[in-house]
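Colleague: Below you'll find the structure I mean.
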Amino acid sequence: MKYEAVIGLEVHVQIKTQSKMFTRVAAGYGQPANTLTDPVVLALPGVLPVMNKAALDAIIKAGLLLGCDIAPVCKWDRKNYFYPDSPKNYQISQFDQPICLNGSVEIELPGPARNIQGEHKSIALTRIHLEEDVGKLNHEAFDSLVDYNRAGTPLMEIVSEPVIKSAEEAYAYLTSLRANMIYGGISDCDMEKGQLRCDANISIRPVGETKLGTKVELKNLNSISYVRDGIAHEIQRQLAVTQSGGTIVQETRDYDGQTGTSQSLRSKEMAHDYRYFPDPDLMPVKVDDAWKARIEAQCPELPFAKQTRFFTQYSLPYTLTSVLVWDRTLADYFEEAAKLAGPGKAQAVGNWIVNDLQRELGAAKLDLAETKVRPQHIADLVTLIDAGTLLNNTAKEVFVEMFATGEPPASIVARKGLAAAPTDTAELEGWCRDAIAANAKSVAEFKAGKESAINGLKGPIMKASKGKANPKLVDETLRRLLAEG
Amino acid sequence: MSDASLHFQSIAELAALLEAKTITSVQLTEAVIARTQAVEERVKAFNSYDAADALAQAAASDARRAAGQALGPLDGIPIGIKDVIAVTGQPLTASSKMLANFVSPYDATVTQKLKKAGAVIWGRLNLDEFAMGSSTENSAFHTTRNPYDLERVPGGSSGGSAAALAAGEAIATLGSDTGGSIRQPAALCNVVGLKPTYGLVSRYGLIAFASSLDQIGPFNRTVEDAAITLQAIAGYDENDSTSVKIEIPDYRAALKEKKGPWRIGIPKEYFGEGLDPEVAAAVEKAVSFYEKMGCEIKNVSLPHTEYGVGVYYIIATAECSSNLSRYDGIRYGHRSAEAKDVVDLYYKSRAEGFGPEVKRRIILGTYVLSSGYYDAYYLRAQKVRTLIRQDFLNAYQEVDAIITPTTPTPAFKRGAKADPLAMYLCDVYTIGVNLAGLPGISVPCGFSSGGLPIGMQLIGQPFKEADLLAIANAYDSKHDWSRRTPNL
């Protein structure tokens with residue numbers, strides 16, 4: 001019997017706000033333990049939550065970016081459970097009236113080759129709701145210490161429908177979702193900092209069956225690669241159990257990305273009864289059309305839409321767009337440089353950014369924002385090459401210098417005397433006449449129609465000019481002289 | 001009897017003396033401290049007090065006044081605070097072993113407001129643990145006595161607030177009212193007790209019992225004092241999402257401006273079985289007073305009254321089961337020394353830290369919120385709650401206020417209501433007001449043949465405290481019940 005996997009993902013994304021979800025104290029990462037706290041975060045006796053409107057703005061934006069229906073009214077519920085990382089021993093969340101419903105995430109599956117665009121799919125969402133993050137337990141030798149810095153950070157839970165079919169699709173889903181959230185300025189989605197976390201619900205069923213199989217929840221998928229690997233591992237585990245005549249038990253499993261193994265955390269019988277009820281400390285929230293319109297105006301173009309535009313507006317090849325569009329700052333950088341360089345130079349600009357700039361950034365471990373190379377530098381470099389002033393080989397050298405110092409390329413060329421050709425066309429013409437005179441065989445072949453024979457003339461010219469002759473000008477001059485006589 | 005000592009004067013009277021510089025706040029505060037030291041051993045209204053701190057505040061008030069910067073009628077007036085309302089640097093115990101050693105690092109909004117009005121924040125007043133009870137017998141520390149009969153309870157949960165005021169150990173006090181916890185002890189201790197409309201006074205800094213029902217309010221010697229105190233504590237607070245943005249009128253001015261006559265409703269459901277005849281007679285006499293002053297007295301019906309106690313004990317326990325989850329021994333409060341692991345720490349800390357009534361309500365509330373029971377209990381209770389509110393709103397089509405007894409009987413003896421259900425029925429007349437979110441005030445209206453105070457309850461319309469206070473003042477200003485003092 002052939003089986004297929006059915007996967008639903010629950011993704012938690014921390015919203016990047018100044019302050020926490022229900023109090024004024026700052027939200028942040030990497031601060032000394034328990035410094036981002038106040039009476040509300042610590043759940044001291046008598047405190048009350050007050051909603052952070054910026055967090056609501058952000059989730060509405062996320063919902064609009066993903067095509068969700070924004071509920072006209074949403075409310076807050078308490079999810080009750082005891083754990084030391086939860087100061088109130090209940091979490092304020094949204095149970096039956098989440099703010100975003102439906103919507104979808106567009107994904108691109110791997111293409112047949114790296115340079116060929118893959119198939120696009122739309123992964124349906126069930127809902128997105130807003131809640132507060134919990135603190136962090138640090139287990140020491142004899143104690144467990146709790147740090148409440150993270151507690152109360154605004155957190156979105158994005159729940160997909162069980163429509164994901166493979167580990168690769170899950171990987172593509174998270175990649176796309178993360179890019180969208182970063183694009184929207186909603187979150188930095190740094191998984192190492194816990195800003196994006198993912199749980200997967202996985203089941204298998206015979207192909208053709210419409211009923212869902214028994215699901216297993218996989219937790220602690222700490223990177224997008226672990227999500228892919230963990231899901232692949234779980235599908236194989238379920239297939240193995242099923243094929244050896246066993247049955248899948250509904251449970252929560254913990255995936256260890258280091259060892260590539262998983263173990264059971266708890267079974268269905270031990271599942272919590274969260275005793276949800278509406279939080280009496282908070283009022284329901286009405287989101288009217290004016291509010292939605294205000295957020296809509298802040299929504300950026302998303303990666304796939306940008307990619308389509310880059311194909312038509314700049315005639316870029318897939319390989320360039322597939323690098324540029326996933327990073328909003330890189331894409332913006334590209335567009336600025338392309339605009340400065342002027343028409344017809346976008347692909348060259350793209351090549352310099354995607355190949356050379358990215359490589360140098362990687363080697364120097366720098367962010368785009370940190371480099372001294374500004375879009376104007378790239379535009380100038382491409383313009384110099386296009387004008388024939390700079391040869392490609394020399395340009396690489398100029399680029400490295402420019403990356404190190406931030407000196408404009410024209411200045412480097414002038415200072416180092418790297419200009420491609422003597423501006424004196426008489427000198428160039430002299431080299432060409434010498435070459436024609438000294439290479440009768442090549443001249444004869446060319447005149448007989450062998451196009452490539454002209455290259456036999458160019459070598460001696462480059463040699464005579466010590467490599468500085470502008471190849472474009474050399475080519476033009478040779479053809480003119482050969483045609484003349 | 002009626003004692004004219006400083007510590008038995010009203011805020012209005014003392015404010016005049018302070019303004020005329022006949023007395024200083026330090027003198028007044030010293031008088032209150034001396035009185036407290038004299039009677040507290042018998043009354044046991046306080047969990048703690050800090051005389052030096054109070055005198056320092058009084059001295060600051062006197063300095064303001066000397067500089068011509070007096071802040072208003074509360075400046076220099078010692079006001080006692082129920083030990084569920086946060087005061088920076090003061091204990092905040094909820095009369096629970098769980099918080100026996102907890103000191104608040106922050107002020108409740110009402111505390112801030114009283115400080116801004118110049119009041120001398122005075123002492124921490126006893127209550128039933130976490131405000132759960134009607135006698136203060138559920139305090140983990142000690143039972144407060146009724147100043148009119150030390151063998152009897154002062155009511156609860158704000159029993160300390162009522163008893164301290166009645167005994168002259170404060171000039172006014174603050175309490176909190178979830179199902180009658182201000183009005184019931186006020187009635188039993190012969191003082192005025194006001195529960196404002198839900199949302200009028202910020203709950204920030206009030207230890208939550210049942211969030212959708214809790215409201216802070218004042219205990220006073222007169223209705224006029226209630227108007228003065230409410231003025232200081234009412235108003236929208238950005239720290240409490242359930243507080244309401246409305247214009248706050250001049251309550252004290254309203255007492256003179258609003259002269260009636262009013263239409264006053266008598267709900268037959270509040271005068272039935274279980275009502276002590278002496279209480280009924282006292283309230284009926286008050287009704288006659290209103291009738292004589294030209295008010296129209298109308299019978300009204302609140303048909304869902306009988307479901308009040310049941311609905312209350314579902315909603316209040318559900319909310320408290322969640323509100324009290326934070327007391328877990330992890331960050332503050334009682335932590336068991338015996339715990340082996342984290343789950344054991346929860347079990348033991350909470351088992352040792354909470355008293356039996358608190359545990360009973362947490363268990364009840366956990367049950368009614370459980371999967372499979374939620375719809376039958378919590379959801380249904382919320383629907384009936386809506387009907388109870390609608391009963392009142394229907395009645396207000398015809399009347400301006402409703403008059404009822406505050407309690408079925410005068411103060412009962414300590415230990416007389418060991419059965420929790422009997423204790424729950426003490427609040428049968430006060431619970432509806434919380435469920436409907438309305439303002440209610442208990443005003444002294446007589447004494448039983450045994451010399452025990454009797455209170456009547458006036459119930460007003462949402463956010464119309466100005467009218468309610470004016471109606472209450474029309475009676476209170478023409479009677480001296482509330483100015484009588486106990487023979488301690």
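Colleague: Please report, in debye to the nearest 20, how large the charge dipole of the protein assembly as shown is about its Cα centre when each Lys and Arg carries +1 at its beta carbon and each Asp and Glu carries -1 there. Intermediate results must be reported in sequence, preceding the final value.
Modeller: Details: 103 positive and 115 negative charges, 170 e Å.
Computed about the Cα centre, the dipole is about 820 debye.
Colleague: Can I ask one more? Using each residue's phi in segment B:131-144, evaluate 6.51 cos²θ - 1.76 cosθ + 1.60 at θ = phi - 60° and report the 3J(HN,Hα) Karplus result to the nearest Hz, with x for Gly and Pro.
Modeller: Once θ is set to phi - 60°, the couplings for segment B:131-144 become 6, 9, x, 10, 8, 6, 5, 7, 5, 6, 9, 6, 8, 7 Hz.
Colleague: Next question, about the same structure. Can you order the peptides A:291-300, B:154-163, A:336-345, B:137-146 by their average number of other Cβ atoms within 10 Å per residue, highest first?
Modeller: On the way: A:291-300: 13.6, B:154-163: 36.5, A:336-345: 17.2, B:137-146: 23.6.
Descending packing order for the listed peptides: B:154-163, B:137-146, A:336-345, A:291-300.
Colleague: Looking at segment B:211-284, which trypsin sites (Lys or Arg not before Pro) are in a loop (DSSP not H, G, I, E or B) and have at most 12 other Cβ atoms within 10 Å?
Modeller: Values: sites: B:ARG221, B:LYS245, B:ARG252, B:LYS256, B:LYS258, B:LYS259, B:ARG263, B:LYS268; in loops: B:ARG221, B:LYS245, B:LYS258, B:LYS259.
Listed in order of number, the matching sites are B:LYS245, B:LYS259.
Colleague: How many percent of the accessible area of the protein assembly as shown is carbon or sulfur, using a 1.4 Å probe?
Modeller: 52
Colleague: Under a 1.4 Å probe, what is the accessible area of chain B per residue, stated in Å²?
Modeller: Working: 16620 Å² over 488 residues.
Here the residues of chain B average 34 Å² of exposed surface.
Colleague: Only counting protein heavy atoms at a 1.4 Å probe, give the residues of segment B:191-216, ordered by number, whose accessible area falls by 20 Å² or more when the other protein chains are present relative to the chain alone.
Modeller: Residues losing area: B:ARG203, B:TYR204, B:SER211.
Colleague: If you add up the charges near A:ARG415, with Lys and Arg at +1 and Asp and Glu at -1, over every other residue whose beta carbon is less than 11 angstrom from its beta carbon, what do you get?
Modeller: -1
Colleague: List the residues of segment A:26-60 for which accessible area in the full set of protein chains is at least 20 Å² lower than for the chain on its own; 1.4 Å probe, protein heavy atoms only.
Modeller: By number: A:PRO39, A:LEU42, A:ALA43, A:LEU44, A:PRO45, A:GLY46, A:VAL47, A:LEU48, A:VAL50.
Colleague: Another one. Using amide H atoms built in the peptide plane, which far-off residues or other-chain residues are under 5 Å from A:ASP77 H to H?
Modeller: A:SER93, A:GLN94, A:PHE95, A:ASP279
Colleague: Am I reading the B/A interface right? What is its buried accessible area, both sides, 1.4 Å probe, to the nearest 100 Å²?
Modeller: Using a 1.4 Å probe, the pair buries roughly 2800 Å².
Colleague: Size of the dipole of chain B about the Cα centre, Lys and Arg at +1 and Asp and Glu at -1 on the beta carbon, nothing else charged, in debye to 20? Mind showing how you got there, number by number?
Modeller: Numbers: 48 positive and 53 negative charges, 38 e Å.
For this selection, approximately 180 debye.
Colleague: A further question on this structure: Give a residue-ordered list of calculated ³J(HN,Hα) values for segment A:352-367 (Karplus: 6.51 cos²θ - 1.76 cosθ + 1.60, θ = phi - 60°; whole Hz; x for Gly, Pro).
Modeller: Values, residue by residue: 4, 5, 5, 8, 6, 5, 4, 5, 5, 4, x, 5, 8, 6, 10, 8 Hz.
Colleague: A further question follows. List the residues whose amide H sits under 5 Å from the amide H of B:LEU125, counting only those 5 or more places along or on another chain, with H placed 1.01 Å from N in the peptide plane.
Modeller: Amide H neighbours of B:LEU125: B:ASN47, B:ILE81, B:LYS82, B:ASP83.
Colleague: Just want the answer: with Cβ charges of +1 for Lys and Arg and -1 for Asp and Glu, which residue in B:ILE81, B:GLY455, B:LEU379 is farthest toward the dipole's positive end in chain B?
Modeller: Comparing the listed Cα positions along the dipole, B:LEU379 ranks first.
Colleague: What distance in nm separates the simple spin-label points at B:ALA56 and A:LYS286, each placed 7 Å from Cα in the Cβ direction?
Modeller: 4.8
Colleague: By how many nm would the segment from B:LEU379 to B:GLU238 grow when fully extended, if each residue of separation counts as 0.36 nm and the alpha-carbon distance is taken off?
Modeller: 47.9 nm
Colleague: How do B:343-350, A:19-26, B:164-171 rank on mean C-beta neighbours within 10 Å, highest first? Display every interim value, and only then the final one.
Modeller: Numbers: B:343-350: 17.5, A:19-26: 20.6, B:164-171: 30.6.
Ranked by mean Cβ neighbours within 10 Å, highest first: B:164-171, A:19-26, B:343-350.
Colleague: For B:SER104, which sequence-distant residues (separation of 5 or more, or a different chain) have an amide H within less than 5 Å of its own amide H, given hydrogens modelled in the peptide plane?
Modeller: Residues meeting the amide H criterion: B:VAL87, B:GLY89, B:GLN90, B:LEU92.
Colleague: Something else about it: Using a 1.4 angstrom probe and counting only protein chains, how large is the accessible area of A:ILE116 in Å², to 10?
Modeller: It works out to around 80 Å².
Colleague: Run the helix sum for chain A: -39,500 (n - 2.57) per DSSP H stretch of 4+ residues, divided by residue count, reported at 222 nm to the nearest 500 deg cm²/dmol.
Modeller: Result for chain A: -11500 deg cm²/dmol, rounded to the nearest 500.
Colleague: So, one more: Using DSSP to call loops (not H, G, I, E or B), can you name the trypsin sites (Lys or Arg not before Pro) in segment A:79-135 whose Cβ has at most 13 other Cβ atoms within 10 angstrom?
Modeller: A:ARG114
Colleague: Let me confirm one metric for peptide A:77-85, namely the mean number of other chain beta-carbon atoms within 10 Å of its residues' beta-carbons.
Modeller: 4
Colleague: Could you tell me the accessible area of A:LEU212 in Å² (1.4 Å probe, neighbours in place), rounded to the nearest ten?
Modeller: 100
Colleague: Using alpha-carbon positions, what is the distance between the centroids of segment B:173-216 and segment B:110-170, in Å?
Modeller: 12
Colleague: Order these peptides, B:384-394, B:122-132, by their mean beta-carbon neighbour count within 10 angstrom, highest first.
Modeller: Working: B:384-394: 17.5, B:122-132: 30.6.
The peptides rank, most packed first, as B:122-132, B:384-394.
Colleague: Over segment A:425-484, average the accessible area per residue using a 1.4 Å probe and give it in Å², no decimals. Could you put the intermediate results ahead of the total?
Modeller: Working: 3480 Å² over 60 residues.
Using a 1.4 Å probe on heavy atoms only, each residue of segment A:425-484 averages 58 Å².
Colleague: Using a 1.4 angstrom probe, figure out how much accessible area segment A:303-416 has per residue, in square angstrom, rounded to the nearest whole. Could the numbers behind the result be given before it?
Modeller: Working: 5270 Å² over 114 residues.
Roughly 46 Å² per residue, with all protein chains present.
Colleague: Using the Kirkwood formula on the Cα atoms of segment A:3-294, what hydrodynamic radius do you get, in angstrom to one decimal?
Modeller: Final number for the Kirkwood radius of segment A:3-294 is 20.2 Å.
Colleague: Also, quick follow-up: Checking the a/c ratio against 1.5 first, then a/b against b/c, what shape does the Cα gyration tensor give for segment A:332-419?
Modeller: It is oblate, given that a/c is not under 1.5 and a/b is not larger than b/c.
Colleague: Taking a 24 Å limit on the Cα-Cα distance, which of the listed pairs A:LYS286/B:LYS113; A:LYS53/A:LYS88; B:LYS115/B:LYS256 fall beyond it? Intermediate values should be presented prior to the final figure.
Modeller: On the way: A:LYS286/B:LYS113 31 Å; A:LYS53/A:LYS88 21 Å; B:LYS115/B:LYS256 27 Å.
The answer is A:LYS286/B:LYS113; B:LYS115/B:LYS256.
Colleague: Give a quick list of GluC sites (Glu not before Pro) in segment A:174-217 that DSSP marks as loop, anything other than H, G, I, E or B, with at most 15 other Cβ atoms within 10 Å.
Modeller: Of the GluC sites (Glu not before Pro), the ones in loops of segment A:174-217 whose Cβ has at most 15 other Cβ atoms within 10 Å are A:GLU209.
Colleague: Given a cut-off of 18 Å, name the pairs among A:LYS339/A:LYS472; A:LYS306/A:LYS365; B:LYS97/B:LYS348; B:LYS268/B:LYS413; B:LYS82/B:LYS195; B:LYS268/B:LYS464 whose C-alpha atoms lie farther apart than that in the structure shown.
Modeller: Where the Cα-Cα span goes over 18 Å, the pairs concerned are A:LYS339/A:LYS472; A:LYS306/A:LYS365; B:LYS268/B:LYS413; B:LYS268/B:LYS464.
Colleague: On a 0 to 90° scale, report how tilted helix A:455-464 is relative to the longest principal axis of chain A, with both axes built from alpha carbons and the result rounded to the nearest 10.
Modeller: 90
Colleague: Around A:SER122, under 12 Å between beta carbons, what's the net of Lys plus Arg minus Asp minus Glu among the other residues?
Modeller: -4
Colleague: Work out the charge dipole of the protein assembly as shown with +1 on the Cβ of Lys and Arg and -1 on the Cβ of Asp and Glu about the Cα centre, then indicate which of B:LEU468, A:ALA240, B:VAL309 is farthest towards its positive end.
Modeller: A:ALA240
Colleague: Would you list which aspartates and glutamates come within 12 Å of B:LYS340, measuring only between C-alpha atoms, while excluding same-chain residues fewer than 8 positions from it?
Modeller: Qualifying aspartates and glutamates at Cα under 12 Å: A:ASP143.
Colleague: How many Cβ atoms of partner chains, on average, are near each residue of A:270-277 if near means within 10 Å of its Cβ?
Modeller: 5
Colleague: Determine the sum of side-chain charges near A:ILE204: Lys and Arg each +1, Asp and Glu each -1, restricted to other residues whose C-beta is under 14 angstrom from that of A:ILE204.
Modeller: Its environment carries a net charge of +3.
Colleague: Label points 7 Å out from Cα along the Cβ direction at A:LYS365 and A:LYS268: separation in nm?
Modeller: Result for the modelled spin labels: 4.9 nm.
Colleague: Given the -39500 (n - 2.57) contribution per DSSP H run of 4+ residues, what per-residue ellipticity at 222 nm results for chain B, rounded to the nearest 500 deg cm²/dmol?
Modeller: -11500 deg cm²/dmol
The values are calculated or read from the model by the stated rules, or taken from the named source; none is laboratory data. Quick caveat, the model's predicted, so the values are computed rather than measured. Here the Cβ is made from the backbone with ideal geometry for all residues, glycine too, and neighbour counts use every protein chain on show. SASA here: full protein model, heavy atoms, side chains in, ligands and nucleic acids out. Shrake-Rupley method; radii C 1.70, N 1.55, O 1.52, S 1.80 Å.
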